[in-house]
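Have a look at the structure below, then the notes.
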């Protein structure tokens, strides 16, 4: 039912490299706003409104912290707006804080989308033969936090059924220590079992063959060509100085002519492409009565 997850792993990986790379390379409010909203809509399509809302609540707190803290500690700029605690507040510092907050929030959302779509199986398929040890290590590191959260939830449920937690402070501390020790032991045991299992299967050997269900189809070719064309034009425009702006001592103009507008449109298409494709796939399934 999902279009993006069924693409070939190389297409998925190249897309995330392109969009995250442009997000890092372009420090511009319009570019980062497009990247942020594109990542949020994509996350909402793959995780639902509740999951995306929880993620948005987390990144919103980070965004507000950076946006508020920067003008309080950074007083550069020539456009003075007022005084706060005997310190000048400048328009440039506020604009820089908002832009920096959007940059970090967009990166967090894109990496959240990456973790949902680019599974460890796909990552090992791409890099298992090139660098098997590094690919396995990176794959285990990327799934470590979700795995620990899932295991911790299972431990809490089982412990509540066997031994209800005490409501006082000492009982809560004892319960937390017991949960942590169980989680650490379970994680270490799982890591050892996974290592032995991969070694027994001959993982990393040059003559070892692997089975996979990934096939590069015409749909993948069209998607990859479109992403590379959009990304190539955006890189060329960025090389000519578009997609970024200076904030100190005085802010540059947000719109830098027709070339900048073309860059914003093309990058917007690149950022919103997954959400558009996922929405189109959902409409097709709904049209044929396969979903509610």
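Which members of the range 56-75 meet the condition of being within 19 Å of residue 250 (Cα to Cα) and surrounded by 13 or more Cβ atoms within 10 Å (Cβ to Cβ)?
Those that are within 19 Å of residue 250 (Cα to Cα) and surrounded by 13 or more Cβ atoms within 10 Å (Cβ to Cβ): 67, 70, 71, 72, 74, 75.
Looking only at the range 64-77, count how many residues are in contact with a helix residue (DSSP H, G or I) (Cβ under 6 Å, 6 or more places away or on another chain) and either modelled with pLDDT of 85 or more or part of a helix (DSSP H, G or I) (or both).
4
Kindly indicate whether residue 191 is modelled with pLDDT under 75 and part of a helix (DSSP H, G or I).
Yes, satisfied.
Is it the case, given these coordinates, that residue 214 is touching a helix residue (DSSP H, G or I) at 6+ places or on another chain (Cβ under 7 Å), surrounded by 13 or more Cβ atoms within 10 Å (Cβ to Cβ), modelled with pLDDT of 75 or more and assigned to a helix (DSSP H, G or I)?
no
Given the criteria in a loop (DSSP other than H, G, I, E, B), exposed (fewer than 15 other Cβ atoms within 10 Å of the Cβ) and in contact (Cβ under 8 Å) with a residue 12 or more places away in the chain, does residue 244 qualify?
In short, yes.
State whether one or more residues within the range 78-95 are touching a residue at least 40 places away in the same chain (Cβ under 8 Å), over 15 Å from the mean Cα position of the chain (by Cα) and not in a helix (DSSP H, G or I).
yes
Determine whether residue 165 is within 29 Å of residue 44 (Cα to Cα) and modelled with pLDDT under 75.
No: the conditions fail for residue 165.
The values are calculated or read from the model by the stated rules, or taken from the named source; none is laboratory data. In this text, all values refer to a predicted model and were calculated from it rather than measured experimentally. For neighbour counting, all protein chains shown are included, and Cβ atoms are generated from backbone atoms with ideal geometry for every residue, glycine included.
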